[in-house]
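Step one of this worksheet: look at the structure below.
The values are calculated or read from the model by the stated rules, or taken from the named source; none is laboratory data. Computed from a prediction, not measured in an experiment: that's the story for all the values here. Don't worry about glycine lacking a Cβ; one is built from the backbone with ideal geometry, like all the others, and counts go over all protein chains shown.
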């Protein structure tokens, strides 16, 4: 049997004793801090709710709380104590729709989950969270261990603060605040507490250049990452403008200095046919017609080749999302946008 299955069996046996001991303990700082980030009436999931203690306190703060636990014994203690919906399920496969909650309360939720499976739990948390907040509490310590109790063996996983923050960040959330507290029962290993906020996933912003030589040939570069021919260009760095970005990217990828003549297109639609580039499937891209003012043609650190080609004999393979940009720049009237 797995670590979680064995531990759940032990919790089923000790559910009544656990509820009698801990049901009235209010985690004041954690509840008040987490609650301060949520709107009145927010939908909250208590992940690993046990006998419903925190569901009760979250409801008293004015939230609509759902309790979830895998232990049937714990849920049997929760239902007569708290007027709220309770669900028996595995936190690694939550039975809720995407964006179903405004907040997730995960107090000790990872405590009995193998460390290797923690990313899967947090991925599910991120999935069911609307643009909202997570409270997470784990034990500080090293590695994993088993503890023999009068009700059976219980599995524990502990973390270093930096490990917890990295897990949360990789799940797509940004840590807003973190603090540590001693265990209320005087046990070893203090609690690491944090509140995190879902990061907004927005399209990247980029710029690319349409550059032709005196013979009318088009400048293309061969990308190092996928081998496609493409227009020179790339994403903005912080602190620069679109025009600065297209000049910089052209210099870095081709060795040429360029001057912008006009904007030829502004593109914002998702990439077609599921095309993904460096894990991005949508970007806001400005295309500029430019002319060469100096430099020496050569590939850069991110390109394996750079050359001019006749517009009616472009090389293959060529980036499919760049073909319409070339056509709009060469044959369109005015600025194209989508």
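If only residues of the stretch 131-154 that are in contact (Cβ under 8 Å) with a residue 60 or more places away in the chain and within 30 Å of residue 41 (Cβ to Cβ) are counted, the one that is surrounded by the fewest Cβ atoms within 10 Å (Cβ to Cβ) is 131. If you go through the stretch 149-169 and keep only what is out of contact with any helix residue (DSSP H, G or I) (no Cβ under 7 Å at 6 or more places or on another chain) and farther than 17 Å from residue 189 by Cβ, you end up with 150, 165, 166, 169.
Can you tell me how many residues within the stretch 248-270 are assigned to a helix (DSSP H, G or I) and in contact (Cβ under 8 Å) with a residue 24 or more places away in the chain?
6
Which count do you get for residues in the stretch 117-166 that are more than 18 Å from the chain's Cα centre (by Cα) and not in a strand (DSSP E or B)? Number satisfying all stated conditions: 8.
If you take the residues of the stretch 51-77 that are touching a residue at least 40 places away in the same chain (Cβ under 8 Å) and farther than 20 Å from residue 128 by Cα, which of them is surrounded by the fewest Cβ atoms within 10 Å (Cβ to Cβ)? Within the stretch 51-77, the match that is surrounded by the fewest Cβ atoms within 10 Å (Cβ to Cβ) is 72. If you scan the stretch 95-105, which residues turn out to be surrounded by 21 or more Cβ atoms within 10 Å (Cβ to Cβ) and free of Cβ contacts under 8 Å to residues at least 60 places away in the same chain? Matches in the stretch 95-105: 101 only. Check the stretch 272-287 and report whether any residue there is under 20 Å from residue 216 (Cα atoms), in contact with a strand residue (DSSP E or B) (Cβ under 9 Å, 6 or more places away or on another chain), assigned by TED's automatic domain parsing to the domain that holds residue 214 and modelled with pLDDT of 95 or more. For the stretch 272-287, residues under 20 Å from residue 216 (Cα atoms), in contact with a strand residue (DSSP E or B) (Cβ under 9 Å, 6 or more places away or on another chain), assigned by TED's automatic domain parsing to the domain that holds residue 214 and modelled with pLDDT of 95 or more: present. A residue that is over 30 Å from residue 118 (Cα atoms) and surrounded by 14 or more Cβ atoms within 10 Å (Cβ to Cβ) can be found somewhere in the stretch 191-206.
Here is a yes/no grid of residues against (1) part of a loop (DSSP other than H, G, I, E, B); (2) within 19 Å of residue 194 (Cα to Cα):
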| position | (1), (2) |
| --- | --- |
| 33 | no, yes |
| 50 | yes, no |
| 57 | no, yes |
| 66 | no, no |
| 77 | no, no |
| 84 | yes, no |
| 90 | yes, no |
| 104 | no, yes |
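No other residue among 227, 234 is under 30 Å from residue 314 (Cβ atoms), assigned to a strand (DSSP E or B), at pLDDT below 95 and not assigned by TED's automatic domain parsing to the domain that holds residue 130 apart from 234.
Yes/no matrix, rows are residues, columns are (1) within 13 Å of residue 265 (Cα to Cα); (2) in a strand (DSSP E or B):
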{"position": "287", "(1), (2)": "yes, yes"}
{"position": "304", "(1), (2)": "no, yes"}
{"position": "315", "(1), (2)": "no, no"}
{"position": "326", "(1), (2)": "yes, no"}
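Looking only at residues in the stretch 185-222 that are without any contact (Cβ under 8 Å) to a residue 40 or more places away in the chain and over 30 Å from residue 156 (Cα atoms), the one that is farthest from the chain's Cα centre (by Cα) is 214. Residue 184 meets each of the listed conditions (1) in contact with a strand residue (DSSP E or B) (Cβ under 6 Å, 6 or more places away or on another chain); (2) within 21 Å of residue 52 (Cβ to Cβ) apart from (1).
The sole residue among 89, 116 that is closer than 23 Å to residue 69 by Cα, assigned by TED's automatic domain parsing to the domain that holds residue 54 and in contact with a strand residue (DSSP E or B) (Cβ under 7 Å, 6 or more places away or on another chain) is 89. Of the residues examined, residue 336 is not one that is surrounded by 15 or more Cβ atoms within 10 Å (Cβ to Cβ), under 11 Å from residue 221 (Cα atoms) and either without any contact (Cβ under 8 Å) to a residue 40 or more places away in the chain or touching a strand residue (DSSP E or B) at 6+ places or on another chain (Cβ under 6 Å) (or both). In this structure, does residue 20 turn out to be surrounded by fewer than 17 Cβ atoms within 10 Å (Cβ to Cβ) and outside any loop (DSSP other than H, G, I, E, B)? In short, yes.
Within the stretch 254-268, can one find any residue that is out of contact with any strand residue (DSSP E or B) (no Cβ under 7 Å at 6 or more places or on another chain) and loosely packed, with under 15 Cβ neighbours inside 10 Å?
No: the stretch 254-268 contains no residue that is out of contact with any strand residue (DSSP E or B) (no Cβ under 7 Å at 6 or more places or on another chain) and loosely packed, with under 15 Cβ neighbours inside 10 Å.
Going residue by residue through the stretch 270-289, is there one that turns out to be over 27 Å from the mean Cα position of the chain (by Cα) and surrounded by fewer than 17 Cβ atoms within 10 Å (Cβ to Cβ)? No, the stretch 270-289 has no match at all.
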